[in-house]
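Before any comments, here is the structure.
The values are calculated or read from the model by the stated rules, or taken from the named source; none is laboratory data. All figures in this text were calculated on a predicted structure; none of them were measured in a lab. Here the Cβ positions follow ideal geometry from the backbone for every residue, glycine too, while neighbour counts run over all protein chains shown. Side chains included, ligands, DNA and RNA excluded: accessible areas come from the protein's heavy atoms. Shrake-Rupley method; radii C 1.70, N 1.55, O 1.52, S 1.80 Å.
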Amino acid sequence: MLKVQLNCYYLCYIMFRLFLLMLLVAQLVVGAFAAEDLYKPAYSRALHGVYLLHNPDDEITHYYLVVHAGEADMSGPHGLSHFLEHLAMFSAAHKDRGESTIKVDENAFAYKTATVFFAADKENEGPDVVLGRLANVFEPIHLDRQFMREERRIVEREFQHHQQRYPYSHHSDAVFSRLLDGQSVGRSVLGTQESIRQLSIDDALHAHQKFYRPDNASLYVWGDVNYSTINKLVKKHFSIKEEKGDRHQRERLALGDKRHQDEARSEDIFRDRVMIKKLVPFPAQYSWAQKMVLRDHLHDLLTSNGRSGLRQPLQFDAFWVADLEIELDFITQNVLALEIFAAPDFDVELEQLATEIETQLSNLATAGVSRASFYDLKNDTEFFYADLQNTPGDLHEYVFKSLLLGVEPVNGRDINKAAKGLTHLDYDAVMQAIAAPSDIAIRFLRATP
Amino acid sequence: MKYLRQLPFILIFTFLSGCIAVNADLPEIKSVTTDKGHDVYYIPLETETVTIHAAFKNDYIFTEGANPVVPHIGLQLIQQAGAGDIEPATLLSEFEDLGADAQLHARPDAIHGKLVADVADIEAAAKLANQVLTDSTLDERWFRRVAGNLVEKAGLDRNHSGVLGWSAMRKLSFDPMVARFWSASFADTQAVELDQVKDWYQQSFNAGDAIIVLSGPKDMASGLRAVDILLDQLDQKQPRAVTVEQEPFVPVAKTILIENSAANDALVLLFDHVKGEARRREFETYFTAYELGATSESRLHRKLRDELRAAYEVFTQFADFDRQVRLLAMGGQVSPDQAVAALRLASETYDNYREQGMDQSGFDQVKKVYVDHFEDILNEDSLPPNLVLEALLEGHEVEFVNSLLPTVRGMNLMTHNEFSAAHLSPSDQLLRIIVAPDIDAIELDVDCRVKQPEQLAECV
């Protein structure tokens, strides 16, 4: 009887092992199929998300630790998230005045809605070392105060460096801030010289304590990745050591149709220019994958030299603008920012130019996206989207953009499916949204002779 | 007997090595004459894309009455204005419709062009490009627009410390016309007239002086026809005689302060002239530039950023201006009150590198970067035509490109360190420049202080 019972236990044990083995095989099969696409393991309890993008052609593995807190989550003088990013990176790398002991190319970037800590393992230090260092971002900052004050001066150097390279950037920040009308997304990541000098070390440490926590961050690894190794190392390095309460929730962006207009005179600039920034609520019916495809295509249309863009009516058919820059991109998951920066052509007044730009935007919406333009775009990008799941370099752009905005990244197959399903009516709908009345800020920049 | 057992492994290894050696061969570069008699170099690849690189010899800046900014404005103008009976907007959108990429840029001795399109579209793209080169409308309003944009850029550059520092270096050591060509000053840009551009256009893009290198499918027919279409009628262009002899480059070893009251920060710059043996071994200088300043672990970065805590970032660069002038440039933007200390520390760091050289692990790391780079771009599937073009312009045979990867692979620590000690100038023989908002506040023993641009002439 005992023997039978033992045999039964043994059989159960064997079946359980077989079941585990089947699970493992299933995971390997799924992994193999997913190997060329974005892979989202379901096992991370500590981190908000873990994403793996297999790129067998890349000898170097890239690691991105995305903390879902940026300048929009800070308070006080602008530029705090950037200062904090500097402190957290130095502290995590245990690199104050000394030499780094390992050869990992590390860097960090602050954005409005996220802060990214990046490492490229060029010398094959291995994921254990790299993830261990990245995980240090969540440890308390252990730099001495003098070092942190010096680092604030270096942040000021970075600001000055940026100013020299992009002389219009502080105007751009000011217009954006005005457009957002006091909302946190309008805060400037870089700040100003004055705001940087006012940054408090204690505020930075407090923000670190509040926002830098594994459950408010995602890990994204891109390269020739060993899935099971990453799985183990995530468990090893990322755990919640301290209960910090619920994750921080950012306020939803409030939109309207306010119109801001101002004027600035500057000795820094050489000729008059107009800067227009507009918030565009994305029509609600679209998925994130559809939104990303529509954004890409409408950006191409608006900036193209063809009939569907703004250049034809403003620059080629007529002499309104001498120089025209157009950008269309997400500032949150549901809101696009359209930015136009233009120098008028000869004998054109700034006010006339601003009016003409708005008129031409409206005309584009009225005319709609032509069938020809739509099918051209579809045909030109069909292969790109169809192959996205096998092209990690291209898919990476979408994954990274999603993580910066705190949106769940979408795999290549779903983006392809979204691209296939869109019709020219969808393009018209978004073009109409771009031209429809919504919050807009216009600055007339006048050069001081 | 013992060795006989290993024979199969040796045979397999030999076979695999043979495969690797064959695979490592670069694509053949064929010397071909087109139907219309143009001599070109063709690189056949497994591709459906044709890439044509052309260098049109151009001595315009050394001709009578030349304004050296004219080529910059002229090239932008012909790429934006119409050509023949094609309207400007149509020209650009036709290139777009073909999915073709067309680019032109000027260097002091040649105008470089690149045309890329699918093999099915390359002839149509070449026809459009040919109209740009032979029959641009050079429209007055488009000229004013293009010139206005460049005047705006030159106006903004007057406040840019980097532009001021590099312009000063060029003014002190380059041929005057070459210096003005690269600096594109506000005064020169503002002075350009449409007639000068028309004159330049008449004497530019002569087919007789052109060097053409293209890559494309193994069936060369379309690519070669595209070259004939591209160069059609360009033999009628008339280059004018050179009237100004180019002055030799004279390296200047001085320490100079330049005032830029528009800046808040100071910029520290150091320049070494790559000359003599160093010109024949330029990879050694690339290695030096990488080790000194390419990454956040580089020597200058560690010294100026991590130790002195003065700079956000540093740079080093192998600056390749023309056939005569090559420089190792280094520097960083620092707080004005740390400029003197930063210059001193950068000079010491550079001298230390020159005297002590690299260690083996540092050398191996830099070498790997360059070997990886060349393996990436030079293999059995890839040989960029512009590398061949540059080799020809340097006076080499086309086979020179085959030696690039073996040259880098063959470099070693001992010869590199010997090279650094022998061929890098000591820091007191460099041209050292600080651009700062208030140079009176800087206490430093210098050769000259420049508060107004014209005072730079006194530094020579």
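Details
- Whole-Å distance, taken between Cα centres, linking the stretch B:307-346 and the stretch B:223-262: 27 Å
- 25 °C / 0.890 mPa s Stokes-Einstein diffusion coefficient of the stretch B:264-378, Kirkwood radius on C-alpha pairs, µm²/s: 166 µm²/s
- Of the chymotrypsin sites (Phe, Trp or Tyr not before Pro) in the stretch B:187-249, not one is in a loop by DSSP (not H, G, I, E or B) with at most 14 other beta carbons within 10 Å.
- The angle separating the long axis of helix A:424-435 from the principal Cα axis of greatest extent in chain A is about 60 degrees.
- Among A:358, B:193, the order of accessible area from largest down is B:193, A:358, computed with a 1.4 Å probe on protein heavy atoms.
- Net charge dipole, the protein assembly as shown: roughly 3020 debye, given to the nearest 20, about the Cα centre with Cβ charges of +1 for Lys and Arg and -1 for Asp and Glu.
- Eigen-decomposition of the gyration tensor built on the alpha-carbon atoms of the protein assembly as shown gives equivalent ellipsoid semi-axes of 44, 37, 35 angstrom, largest listed first.
- For the stretch A:259-447, the Cβ-based charge dipole about the Cα centre amounts to some 560 debye (Lys, Arg positive; Asp, Glu negative; other atoms uncharged).
- Considering all different alpha carbon pairs of the stretch B:255-459, the Kirkwood hydrodynamic radius works out to 18.4 Å.
- The DSSP beta bridges internal to the stretch A:259-447 are antiparallel in roughly 75% of cases.
- Span-rule helices in chain B, defined as complete DSSP H runs reaching 24 Å or more along the axis (Cα) with Kyte mean at least -1.0: B:2-23, B:140-157, B:339-356, B:360-377
- Amide H contacts of residue A:323 (H built 1.01 Å from N, in plane; Pro and chain starts excluded): A:343 sit under 5 Å, all sequence-distant by 5 or more or on other chains.
- Filter on B:30/B:198; A:40/A:417; B:171/B:254; B:30/B:367 - keep pairs with C-alpha separation over 25 Å: B:30/B:198; B:30/B:367
- Rg and Dmax over the alpha-carbon atoms of the stretch B:224-274 stand at 22.7, 56 Å.
- Chymotrypsin sites (Phe, Trp or Tyr not before Pro) restricted to the stretch B:38-135 and DSSP loop, no more than 14 other C-beta within 10 Å: none
- Chain A shape via C-alpha gyration tensor axes, a/c threshold 1.5: oblate
- Working note: Karplus 6.51/-1.76/1.60 with θ = phi - 60° gives the stretch B:402-408 the couplings 5, 8, 4, 5, x, 4, 5 Hz, where Gly and Pro are set to x.
- Long-range tail of P(r) for the stretch A:79-201 (Cα pairs > 21 Å, %): 45 percent
- Two-decimal Rg to Rh for the stretch B:30-236 - Kirkwood Rh, Cα set: 1.00
- The stretch A:353-429 and the stretch A:105-162 have Cα centres spaced 33 Å apart.
- Both numbers refer to the Cα atoms of the stretch A:259-447; Rg and Dmax are 17.6, 52 Å.
- Evaluating 6.51 cos²θ - 1.76 cosθ + 1.60 at θ = phi - 60° for every residue in the stretch A:201-211, the Karplus couplings come out as 4, 5, 4, 5, 5, 5, 5, 4, 4, 7, 9 Hz, glycine and proline recorded as x.
- Expressed as a fraction of 2.2 N^0.38 Å, the C-alpha radius of gyration for the stretch B:45-135 is 1.17.
- Straight-line cross-link partners of residue B:36 among the lysines, defined as a Cα under 21 Å from its Cα and at least 8 positions apart when in the same chain: B:57, B:114, B:127, B:218, B:237.
- For chain B, the extents of the C-alpha atoms along the principal axes are 87, 67, 37 Å, listed from largest to smallest.
- Estimated D of the stretch A:243-292 in µm² per second, where Rh is the Kirkwood radius over Cα pairs and Stokes-Einstein applies at 4 °C, 1.567 mPa s: 80 µm²/s
- Take each residue of peptide B:145-157, count the partner chain Cβ atoms within 10 Å of its Cβ, and average: the result is 4.
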